[in-house]
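A short reminder: the numbers here are calculations on the coordinates, not readings from a lab. Only a predicted model underlies this, so the values are computations on that prediction, with no experimental measurement involved. Cβ sites come from the backbone with ideal geometry, for glycine too, and all protein chains shown count toward neighbours.
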Amino acid sequence: MRYSKEGWFLRDSITLFERCIMLAFRSPGAIGLAFIAPASIMAVFVYVFGGALDIGDVSVVDYIVPGVVLLTIGQSAAPISVRFNNDMTKGVIDRFRAMPIAKSSILIGHVTATVLQNVISVAATIGVSLLVGFRPQAGLIDWLMAAGIMLLYIIAIMWLTVFVGLFAKDSEGASSMMTLLGTLPFLSSGFTPTDTMPVALRIFAENQPMTPIINSVRALLLGELLDDRTLQLALFWCVLMIVIFYISALLIYKRRTTK
Amino acid sequence: MSEKTTVAITIQGLTKAYKNNKVLRGVNISVQKGSIFALLGSNGAGKTTIVKILSTLIHPDGGSAEVLGLDVVKQAKQVRNHISLTGQFATVDEQLTGKENLLIIGALWHVSDRKEQADKLLEMFQLTNVANKRVSTYSGGMRRRLDIAMGMMGQSSIVFLDEPTTGLDPQSRLAMWNIVKLMSSLGKTVFLTTQYLDEADYLADYIAVLHEGVIIADGTSEELKKTLPQGIIQIQFNNELDLKKAKALLDEYPIRDDKEINTLNIQTDSSAKAFADVLNRINEINIEILKFTPKQPTLEDAFLILIGEKKEDV
């Protein structure tokens with residue numbers, strides 16, 4: 001009656017996914033803060049700096065939306081990483097592993113919940129930006145492509161989140177490793193054009209992965225011309241991050257769950 | 001499956017090392033079905049390592065361990081159908097309610113009537129009135145009770161409790177003892193670890209003493225007390241100087257001193273000859289004896305003598 005069969009794998013993954021979602025909605029940090037922080041940053045840029053920013057013909061809000069989206073994804077990564085780290089270091093994983101459930105369904109539960117959580121906060125961020133005057137010029141194809149790039153980025157950050165959650169000794173370590181991710185969008189083309197930055201910073205900003213991703217999403221949403229090289233770079237970075245963090249996360253997960 | 005056997009757990013020659021640290025150095029244990037078994041040992045003795053091996057979390061380096069005749073390494077999946085593990089630290093989800101915690105575990109065990117099961121366990125563990133409150137509002141004792149209730153959701157026949165009362169206040173500790181007895185009365189085999197002698201003495205049908213990775217003694221509480229020579233003579237002196245002098249004279253007897261009350265606990269074979277010998281030696285140097293008491297060894301005496309842990313002179 002209670003014996004686990006192979007067919008239970010999907011059901012166990014769903015149960016563990018539901019658990020993660022319940023935990024996410026119950027902890028004020030996870031979705032609430034991840035959403036409030038970008039919303040307030042948007043408000044500051046649009047209403048406070050807005051008049052002073054010189055970014056050409058584009059309106060401030062149209063310009064910063066992709067940067068804020070990446071910021072949102074980075075902000076929500078920290079509490080997710082902590083949640084995963086807690087499970088790995090505080091004995092929860094041992095309880096699950098001593099039960100007749102597949103090891104991978106624990107990971108799958110976390111991973112799928114993380115993606116869903118991020119999709120929700122990105123959608124909410126775009127919703128808020130529409131309220132404060134975001135006027136995208138994208139057609140359906142452009143929207144789908146932009147959504148595709150954002151989803152790839154979400155998956156890349158999700159594996160990074162899992163990797164940090166596994167790698168960090170405790171939840172504080174996980175949290176502090178992830179704060180970097182929340183500040184990196186500022187050192188990109190997300191909020192100001194890179195040619196206004198000092199040289200060293202500009203070289204970094206122009207070559208870090210977020211810039212081509214932001215430029216691609218921006219071009220698609222605003223109906224501007226997207227050159228192939230930018231798009232290729234954006235896709236290249238996303239895929240590279242996914243491969244690196246996926247492999248490292250899986251290696252650590254294996255090591256941590258078989259002693 | 002193992003048909004008529006009455007043995008729930010068999011461990012033979014179990015070894016485990018972490019790098020150069022030999023945690024287990026050939027452990028043999030046998031646990032009867034339906035009994036309460038206590039693995040007694042101080043911090044770092046290797047208790048948790050044994051529990052982790054039995055609950056399929058880590059692999060031993062050598063030797064074998066079987067649960068209900070199933071090998072914990074080769075048949076780990078089947079073993080997991082029969083066991084539940086409650087670790088040293090409560091692994092409950094703080095943000096969820098007690099009942100939600102139970103329902104998730106119930107879902108993972110594929111229990112069809114998990115709501116009824118959860119309610120039953122909440123009542124059994126006296127958590128009904130907080131069932132729908134978040135665990136973050138629970139006391140330490142309530143958390144631990146919920147933790148163990150979660151372990152019972154799958155109705156496993158073998159329950160591992162790793163230091164179930166460590167860190168609990170006396171009242172919660174007593175409640176936990178009652179829970180362990182209750183589990184046993186439901187027919188479960190309970191394998192618990194503890195640092196507390198009175199706990200093992202009160203709860204366990206069978207005790208094994210683990211010290212530095214080997215079992216140094218095992219038996220029922222009564223048997224353990226009997227493996228010692230019958231008598232402990234307790235002699236109280238006027239002052240520490242007398243105590244030291246007397247101790248020096250009696251150095252061929254296993255001895256333990258309690259300086260706070262200037263008392264020596266001398267282990268003898270309880271023969272009249274030994275009594276006379278001890279008293280004669282002390283008389284010879286004219287030390288006054290304040291109080292003289294022959295007594296039955298407690299489990300604590302047994303333990304301290306077994307591990308040769310004497311409080312050394314400074």
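Structure summary
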quantity	calculated
Square roots of five times the Cα gyration tensor eigenvalues for segment A:167-259, Å	31, 18, 11
Three-way shape label, segment B:30-127, alpha-carbon gyration tensor, a/c 1.5	prolate
Estimated 222 nm signal from helices in chain A, with DSSP H stretches of n ≥ 4 weighted -39500 (n - 2.57), rounded to 500	-24500 deg cm²/dmol
Taking B:S221, B:S42 and counting other C-beta atoms within 10 Å, the order from fewest to most	B:S42, B:S221
Averaged over B:55-61, number of beta-carbon atoms from partner chains that fall within 10 Å	3
For segment B:196-241: relative contact order, % (alpha-carbon pairs under 8 angstrom, 6 or more apart)	25 percent
Kirkwood-Stokes translational diffusion coefficient of segment B:183-287, alpha-carbon pairs, 20 °C, 1.002 mPa s, µm²/s	131 µm²/s
Gap separating the Cα centres of segment B:76-108 and segment B:12-49, nearest whole Å	23 Å
Lysine pair number, Cα distance threshold 19 Å (strictly under), segment B:88-239, separation 8 or more or different chains	7
Ascending count of other beta-carbon atoms within 10 Å, so fewest first, for B:S35, A:S76, B:S84, A:S81	B:S35, B:S84, A:S81, A:S76
Loop-resident sites, segment B:36-90, for trypsin sites (Lys or Arg not before Pro), counting at most 16 other Cβ within 10 Å (DSSP)	B:K74
Cβ-derived FRET efficiency at R0 41 Å, B:I261 paired with B:S64, nearest 0.05	0.30
Nearest-ten-degree value, helix A:60-89 long axis tilted from longest Cα axis of chain A	20 degrees
Interatomic Cα distance distribution for segment A:76-224, bins of 10 angstrom, percent	10, 31, 32, 18, 7, 1
Trypsin sites (Lys or Arg not before Pro) restricted to segment A:76-113 and DSSP loop, no more than 11 other C-beta within 10 Å	none
Interchain or long-range residues, amide H under 5 Å from B:V23's placed H	B:K16, B:A17, B:Y18
From the C-alpha gyration tensor of chain B, square roots of 5λ in Å	44, 23, 16
Highest-fluctuation residue, B:K295, B:K181, B:K225 considered, GNM on chain B with Cα pairs under 10 Å	B:K295
Selection of trypsin sites (Lys or Arg not before Pro), segment B:122-156, meeting DSSP coil and at most 14 other Cβ within 10 Å	B:K133
Helix axis angle, B:170-185 relative to chain B longest principal axis, alpha carbon, degrees	70 degrees
Top of A:M158, A:M210, A:M145 by mean-square fluctuation, Gaussian network on chain A, Cα under 10 Å	A:M145
Integer Hz, Karplus 6.51/-1.76/1.60 couplings in order for segment A:177-191, x for Gly and Pro	5, 7, 5, 4, 5, x, 9, 4, x, 5, 9, 9, 7, x, 10
Euclidean distance of C-alpha centroids, segment B:161-179 and segment A:36-64, integer Å	58 Å
Distance histogram in 10 Å bins (all Cα pairs of the protein assembly as shown, percent per bin)	3, 15, 20, 18, 14, 12, 9, 5, 3, 1, 0
Counting DSSP beta bridges with both ends in the protein assembly as shown, the antiparallel % (nearest 5)	70 percent
Residue-averaged 222 nm ellipticity for chain B, from DSSP H runs of 4+ at -39500 (n - 2.57), nearest 500	-10000 deg cm²/dmol
Convex hull per residue volume in Å³, alpha carbons only, for chain A	144 Å³
Relative contact order computed over chain A (Cα-Cα under 8 Å; 6+ residues apart), in percent	26 percent
